[in-house]
Amino acid sequence: MAKQRAQWSGRIGFVLAAAGSAIGLGNLWKFPYIAYENNGGAFVLVYLAAIALVGAPIMVAEILLGRRSQLSPVGAFRLLAQGKPGGRAWMGVGFLGVMTGFVILSYYSVVAGWTIRYTLMAISGRLGTLANHPQELESFFGSFLGSPFEQILYHGLFMGATCAVVYFGVGRGIERAARLLMPLLITILLILVVYTFWTPGFRQAMVFIFRPNFSQLTAGGVLEALGHSFFTLSLGMGAMLTYGSYMRKKDSIPRAALTICALDTLIAVMACIIMFSIIFSFDFEVKKSSTILFTTLPVVFFKLPGGAIISALFYMLVGFAALSSTISLLEVVSSYAIDELGWRRKRATLTMGAAIFVFGCLSAVSNGGSALLSNINFIGRPSTQGVFGTLDYLASNWFLPVGGLFIALFTGWILTREESCDELESGAGNIRTPYTVWRFLIRFAAPAAVGAIIVSVILGAEYQ
Ligand code: PHE
């Protein structure tokens, strides 16, 4: 008799863990950076539409597949596709997800590790000293990235923290960490938002973010917003599917999915408010570069009163947000070994964690950091920067959208109406109208939109 599957303690536990997965470097680093490059307003609006029309329906679909099957991605597709068109071939989508989790975690953890270093430097005062001389900060950052020892050290520390959480399992590890990290993260963010409210750049930041100017919107911007909605919501590789497999039948999937999407969006917008207010407060020239978080912001932080505290809080915040995301990436890979290979959780976590750490060292030492910063874009051109750049390009430009497309197609066209409706009504009651809207979105809108991303990547359109 199979062991009973672990479960979240309840609705809040699930929402916190899943929101933890969604909220990460994508929100705090990537979104402000791409919103800035795409001139704010109109781009932000398109992003909101992408979350509502594509992200949210796929989020519902992933959670649904997980809870229905009570398995991680590979098993979920095997079970749910039984006797249906495509049959066992659908398992490929699950394998793709596990592989994507492995690859993304290997480089995500390298960047996440930088936050440890920056938090320590903020506390020790070193960051303050460097920040007084922007040139020195930049050269510090460069030599930090170029130091294999340091890169591996912080990458290792971050992987260690991630393994430590996943090791203890769904309830005692992941949920407990989320219950601690999420309120902390939201508190730090609120403190920072309140703080920036008093900075001179606040007004300009609000206008930049919320006043759409459609003449500045490009086709590339639209696709980038769409693509980013995937990465930021952790969709397309089975992370939400896996978390959904631990969800109780009596909780409502649509409600949870909407809460997660709303939280994720809220945090991304708050991150923009904080960063833009600070940047606009000083006529600071932001280079068209994605290193804002590590080379521009510290300089600005230290022009403000309490710079050391603000910056320490900030980098800690980014680290916590990244940790709750890396946990979900490792959980996808570990739960594959647990469900499909029959490993015990401890063995699965440590073995997979170690393998990912070793693999990630490639990114850490091949000057992966700088490659990452120029290539983590969800939609971008293939990188010429070695193993690491290529992997990143593959993972974020191909694996996630392709995974998402198949998840949408499977849920919309292969699962029967009875199956999906039954699962969604469990815990949510009678939801006829929303169900019809969701089914339309998942069958037509989501595949069309994701198809557009994939086609445009194939055509190699220029986005930057
Ligand atoms: N959503 C995370 C972020 O925004 C990244 C992530 C992607 C996590 C895919 C899990 C799976 O940073």
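The values are calculated or read from the model by the stated rules, or taken from the named source; none is laboratory data. None of these values were measured; they are calculated from a predicted model. Neighbour counts are summed over all protein chains in view; Cβ atoms, including those assigned to glycine, are modelled from backbone coordinates with ideal geometry. For accessibility, only protein heavy atoms count, side chains too; no ligands or nucleic acids. Shrake-Rupley method; radii C 1.70, N 1.55, O 1.52, S 1.80 Å.
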Of every hundred units of 1.4 Å-probe accessible area on the range 232-276, the number belonging to carbon and sulfur atoms, as a percent, is 71 percent
Longest principal axis of the chain (C-alpha) makes with the long axis of helix 176-197 (C-alpha) an angle, in degrees to the nearest 10, of 40 degrees
Magnitude of the Cβ-charge dipole (Lys and Arg +1, Asp and Glu -1) of the range 1-154 about the Cα centre, nearest 20 debye, reported as 1000 debye
Scoring the chain by relative contact order with C-alpha pairs under 8 Å, at least six apart, yields a percentage of 34 percent
Computed over the range 123-282, the relative contact order (Cα-Cα under 8 Å, seq sep at least six) in percent reads 34 percent
Once LYS250, LYS84 are ranked on solvent-accessible area with the largest value leading and a 1.4 Å probe, the list reads LYS250, LYS84
Averaged over all viewing directions, the convex hull of the alpha carbons in the range 239-352 casts a projected area in nm² of 10.2 nm²
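Taking a temperature of 25 °C and a viscosity of 0.890 mPa s, what whole-number D in µm²/s does Stokes-Einstein yield for the chain with Rh from Kirkwood over alpha carbon pairs?
111 µm²/s
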Among the Cα-Cα pairs of the range 1-146, the proportion with separation greater than 18 Å, in percent, is 74 percent
Relative contact order in percent for the range 191-316 (Cα pairs under 8 Å, 6+ apart) equals 44 percent
At the level of C-alpha centres, the distance separating the range 237-313 and the range 353-367, in angstrom, is 25 Å
Probe 1.4 Å, all chains present, heavy atoms only: TYR167 accessible area in Å², nearest 10, is 60 Å²
Tilt, helix 253-281 to longest principal axis of the chain (alpha-carbon atoms), in degrees rounded to tens, equals 10 degrees
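Tally Lys and Arg at +1 and Asp and Glu at -1 over the other residues with C-beta under 11 Å from the C-beta of LEU71: what net charge comes out?
+2
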Both in Å, the radius of gyration and Dmax of the C-alpha trace of the range 393-464 are 15.1, 46
Beyond 20 Å, the calculated P(r) of the range 186-303 holds a percent of Cα-Cα pairs equal to 58 percent
Result for the chain: accessible area per residue, probe 1.4 angstrom, in square angstrom, of 37 Å²
